[in-house]
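The values are calculated or read from the model by the stated rules, or taken from the named source; none is laboratory data. Since the model is a prediction, treat every value here as computed from it, not as a measurement. Here Cβ is always computed from backbone atoms with ideal geometry, including for glycine, and neighbour counts include all displayed protein chains.
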Amino acid sequence: MRISYNWIKKYISTDLSIEKISNILTEIGLPVKNIKKTFIENHIEDNILDIEITPNRADAMSHYGIARDLYAVLTFRGYKEVRLSKPIVSNYKRDIYNNNKYCFQIFLEEKKKCIRYSGVVLSEIKIDTSPIWLRFRLKSIGIQPINNIIDVTNFVMYELGQPIHIFDMDQIEGKKIIIKNAKNHTIFKSIDNVTRKLNEKDLIIYDTIKPLSIAGIINSKNSNINRTTKNIFLGSAYFDPITVRSIGKRHLIKTDAKFRFERGVDPNQTVYALQRTAILIKEIAKGKICSDIIDIYSHPRFPFKIKLRYKKIRETIGKYISNNKIKKILLLLEIVILSESEKSLLVLVPPYRIDVQREIDLIEEILRIYGINKIKTSNTNIKISPYPNFSKTKEEIQKIISKQLVGYGFQEIVNYSMNNKNEYSYLLNSFFNRKEINIMNPTNKFYNSMRSSLLFGMINCIKSNHNRGNRKTKFFEIGKIYFQKNNKFLEKTFLSISISEIEKKIIDPRNSSSSFFSLKGIIEQIFQLSGINNYSQVLFTHPLLEKSISIQYKNKNLVVLGKIKEEFFLQLQKKEIFYAEIDWEYLISIIQEEKVTYVPYSKYPTSKRDLSLLIDKTISFEKIYQLIKEKEKGLIKKIKIYDFYEGKNFPKSKKSYTISFFFESKNETLTDVIINEIMKKIEKFLKNKLGAKIRELDQ
């Protein structure tokens, strides 16, 4: 938001320079010359600041709002003779009485979407160019002047934060303003020459026949003022922020009024802003106020009542602040102290502070005005809880990993513990040297045995989604399997994960393994969150998976990962399914045994180099990885597969890997000379040890 220094000084009396005020508004150490701009026109000069305001601080999205906040900060920090003055409206009065021509009515049909609407009529106005001072004020903050009426409403919006909309009074049918939802397929041509089709979710300002405005954020073309307009209607309202935001998004509307309404204006300021606008129009456009202000306030907003505990303030801030200083800060922020006890305060927060509704919000405000830079910390007292902060219970581990998978876009499924015995389950059990557990009296012929793998339920779920048009799925399930081994009935828990997608006719076949590596990467992310680092991978033969690998921890299988063989799901045409099964109980035991170790980040940057090589099919990436780790220790922080390909244009006995190497030193910034020397050693080593052929990377 762009603000004018001289404009702010209209409301706050201070002899502080722009530099000092800038230092209060900005972060410590940022040079003012980098943010201050000078605006000069007609020999008038002003200093301009561009500041960022968080969306929850709707109260500060105006010059008066910023002045009000500055007043609290400056006064508390000891700057003398600082006063705050609000624009005066005590001289507001009606000019014309007993004229039914200007009588009108307001009706709120959607009282929750528009809790307050205020309006007034002005007559005998003369639309012309705005005076120099008004044009200068608007231009200084980047607003192009239009005419004296529109310029006044823009001025008031940037002064007080309240949007004001104007209609040509003679174009309002029936002298009625009605706020209601639109009818479906209503055509609305707005002042930006865009024709929009409205629906019943859109909140509209109507007269008795036609729509005049979409929620006060953009007017229709036929209700807007023009050079011939003599009588105008001014509207000032509070519209529900969520309603305005959804309307703006649906119809691609971006206006200054929408920007403020969707963040929440002060509902108790609508009449005041209307009076301020009417007074300025009288002065500038020679208009006359010819109606009373009609104000409909269906759901009045009252101050928030909050209990504030002294002990909680000091525990949260970490420093003792006296009761008197706490109360002074609250009063400077226009927060009323309703009652006080030895331990706490009961306060009333004004409705315009929509960001302060809890005790912790009040504490944040106290710290903000007091000055966070005044809170000194001692290195000996700093405590850090390293992440991940895993609880060691099975339930908490399951909750964390499930949440992680959901964050990656997976959906959790739950299948029956019984399934239908088939040739594939027999093949799987034979491979693992175990027997299926049959159900003696099945109630359903399709559930005649206990499941011995989560794979079959996963496939059925994918088939069901495929038949209903959901062709791309990401599922996971944590469940038990049941089997016999050595004349014992056993059960074991696994985590199964799948990614399925339509197989594309790929121009570049190297992309065909992207889902495999995506799934492998997700498993590695689970390991990283769990604190598991020292794992390895080997090629693995699985009866139902092709190109499968086993990820091992301490030489014991932890994960089996691969692409499900196509004959297993013939009815799913042009489909690729990648599947992983994690030994859940083994994973839990590893997590419970692992200790979290803090390793500080290097102060020096990481550098990356890629290496593409052609190698024998029998050589796994894991073997390459282990050999390089043994050969080059220290500066190589991480090694990852970037790309993998085998097939067309390559000999049948060969495959291609593109491997990324990440280099980092804890002592210095690595130069190209150092890194290139290491890469040459790696290339030479791979040629001699594995017979690899180095390929040129595409530029």
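With the condition kept exactly as written, say whether any residue in segment 264-278 is among the aromatic types (Phe, Trp, Tyr), touching a Pro at 6+ places or on another chain (Cβ under 8 Å), buried (at least 18 other Cβ atoms within 10 Å of the Cβ) and farther than 19 Å from SER123 by Cα. No - not one qualifying residue is present in segment 264-278.
When we screen ASN193, ASN199 for residues that are in contact (Cβ under 8 Å) with a residue 12 or more places away in the chain, surrounded by fewer than 20 Cβ atoms within 10 Å (Cβ to Cβ) and closer than 30 Å to ASN56 by Cα, the only hit is ASN199.
Given the conditions (1) part of a loop (DSSP other than H, G, I, E, B); (2) in contact with a helix residue (DSSP H, G or I) (Cβ under 7 Å, 6 or more places away or on another chain); (3) surrounded by fewer than 19 Cβ atoms within 10 Å (Cβ to Cβ), which single one is not true for GLN162? Here GLN162 clears every test but (3).
Going through PHE167, PHE155 one at a time, which residue ends up being assigned by TED's automatic domain parsing to the domain that holds ILE293, within 20 Å of ILE127 (Cβ to Cβ) and in contact with a Gly (Cβ under 8 Å, 6 or more places away or on another chain)? Just a single option satisfies the conditions, and that option is PHE167. Residue-level analysis places LEU138 outside the set of residues that are in contact (Cβ under 8 Å) with a residue 24 or more places away in the chain, assigned by TED's automatic domain parsing to the domain that holds GLY264, surrounded by 17 or more Cβ atoms within 10 Å (Cβ to Cβ) and not in a loop (DSSP other than H, G, I, E, B).
So that you can scan it fast, the table gives a plain yes or no per residue for (1) closer than 17 Å to SER602 by Cα; (2) in contact with a helix residue (DSSP H, G or I) (Cβ under 6 Å, 6 or more places away or on another chain):
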residue: LYS654; (1), (2): no, no
residue: ILE659; (1), (2): no, no
residue: SER665; (1), (2): yes, no
residue: GLU668; (1), (2): yes, no
residue: ILE678; (1), (2): no, no
residue: GLU683; (1), (2): no, no
residue: LEU686; (1), (2): no, no
residue: LYS689; (1), (2): no, no
residue: ALA692; (1), (2): no, yes
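Of the numbered criteria (1) in a helix (DSSP H, G or I); (2) under 24 Å from ARG353 (Cβ atoms), the one LYS101 fails is (2). Of everything listed in (1) β-branched (Val, Ile, Thr); (2) under 31 Å from the mean Cα position of the chain (by Cα); (3) surrounded by 20 or more Cβ atoms within 10 Å (Cβ to Cβ), the single unmet condition for ILE281 is (2). Residues in segment 312-334 that are without any contact (Cβ under 8 Å) to a residue 60 or more places away in the chain, in a loop (DSSP other than H, G, I, E, B) and crowded, with 17+ Cβ neighbours inside 10 Å: ILE321 alone. The residues of segment 299-311 that are buried (at least 17 other Cβ atoms within 10 Å of the Cβ) and hydrophobic (A, V, I, L, M, F, W, C), listed by number, are PHE304, ILE306, LEU308. For segment 491-516, the candidate set comprises residues that are modelled with pLDDT under 90 and among the aliphatic types (A, V, I, L, M); within that set, the residue that is surrounded by the fewest Cβ atoms within 10 Å (Cβ to Cβ) is ILE507.
For the subset of segment 75-99 comprising residues that are at pLDDT 90 or above and either among the hydrophobic types (A, V, I, L, M, F, W, C) or buried (at least 17 other Cβ atoms within 10 Å of the Cβ) (or both), which member is nearest to ARG368 (Cα to Cα)? So, considering only residues that are at pLDDT 90 or above and either among the hydrophobic types (A, V, I, L, M, F, W, C) or buried (at least 17 other Cβ atoms within 10 Å of the Cβ) (or both), the one nearest to ARG368 (Cα to Cα) is PHE76. When SER236 is tested against the conditions (1) closer than 19 Å to GLY174 by Cβ; (2) part of a strand (DSSP E or B), the lone failure is (1). For TYR352, indicate whether it is assigned to a loop (DSSP other than H, G, I, E, B) and at pLDDT 90 or above. Against the criterion (assigned to a loop (DSSP other than H, G, I, E, B) and at pLDDT 90 or above), TYR352 qualifies.
If the condition is being in a helix (DSSP H, G or I) and either at pLDDT 85 or above or among the acidic types (Asp, Glu) (or both), then segment 427-458 contributes LEU455, PHE456, GLY457, MET458. Counting just the residues of segment 444-481 that are under 17 Å from VAL414 (Cβ atoms), surrounded by 17 or more Cβ atoms within 10 Å (Cβ to Cβ) and of a type in the set (Ser, Thr, Tyr), which one comes out farthest from the chain's Cα centre (by Cα)? If we take residues in segment 444-481 being under 17 Å from VAL414 (Cβ atoms), surrounded by 17 or more Cβ atoms within 10 Å (Cβ to Cβ) and of a type in the set (Ser, Thr, Tyr), then SER453 is farthest from the chain's Cα centre (by Cα). The residue list ARG250, ARG260 contains one member that is over 29 Å from PRO350 (Cβ atoms), of a type in the set (Lys, Arg) and outside the structural domain of TYR352 (by TED's automatic domain parsing), which is ARG250. Restricting ILE337, ILE296, ILE363, ILE354 to residues that are surrounded by 15 or more Cβ atoms within 10 Å (Cβ to Cβ) and either more than 30 Å from the chain's Cα centre (by Cα) or assigned by TED's automatic domain parsing to the domain that holds TYR272 (or both) narrows the list to ILE296. When ILE628 is tested against (1) more than 30 Å from ASN433 (Cβ to Cβ); (2) at pLDDT 80 or above; (3) assigned to a strand (DSSP E or B), only condition (3) is not met.
Is there a residue being at pLDDT 95 or above, under 20 Å from ASP292 (Cα atoms) and of a type outside the set (A, V, I, L, M, F, W, C) anywhere in segment 180-189? No; the residues of segment 180-189 include none that is at pLDDT 95 or above, under 20 Å from ASP292 (Cα atoms) and of a type outside the set (A, V, I, L, M, F, W, C). In contact with a helix residue (DSSP H, G or I) (Cβ under 9 Å, 6 or more places away or on another chain) and modelled with pLDDT of 90 or more: does that describe GLY479? Taking the combined requirement at face value, the residue satisfies it. The residues of segment 80-98 that are free of Cβ contacts under 8 Å to residues at least 60 places away in the same chain and among the polar types (S, T, N, Q), listed by number, are SER90, ASN98. Within segment 118-169, the set of residues being under 40 Å from the mean Cα position of the chain (by Cα) and aromatic (Phe, Trp, Tyr) comprises PHE136, PHE155, TYR158, PHE167.
What's the number of the only condition in (1) surrounded by 16 or more Cβ atoms within 10 Å (Cβ to Cβ); (2) more than 30 Å from LYS374 (Cβ to Cβ); (3) in contact with a helix residue (DSSP H, G or I) (Cβ under 8 Å, 6 or more places away or on another chain) that LYS254 fails to meet? Against the list (1) surrounded by 16 or more Cβ atoms within 10 Å (Cβ to Cβ); (2) more than 30 Å from LYS374 (Cβ to Cβ); (3) in contact with a helix residue (DSSP H, G or I) (Cβ under 8 Å, 6 or more places away or on another chain), LYS254 comes up short only on (1).
Taken as a whole, segment 397-417 holds no residue that is farther than 21 Å from ILE582 by Cβ and in contact (Cβ under 8 Å) with a residue 12 or more places away in the chain.
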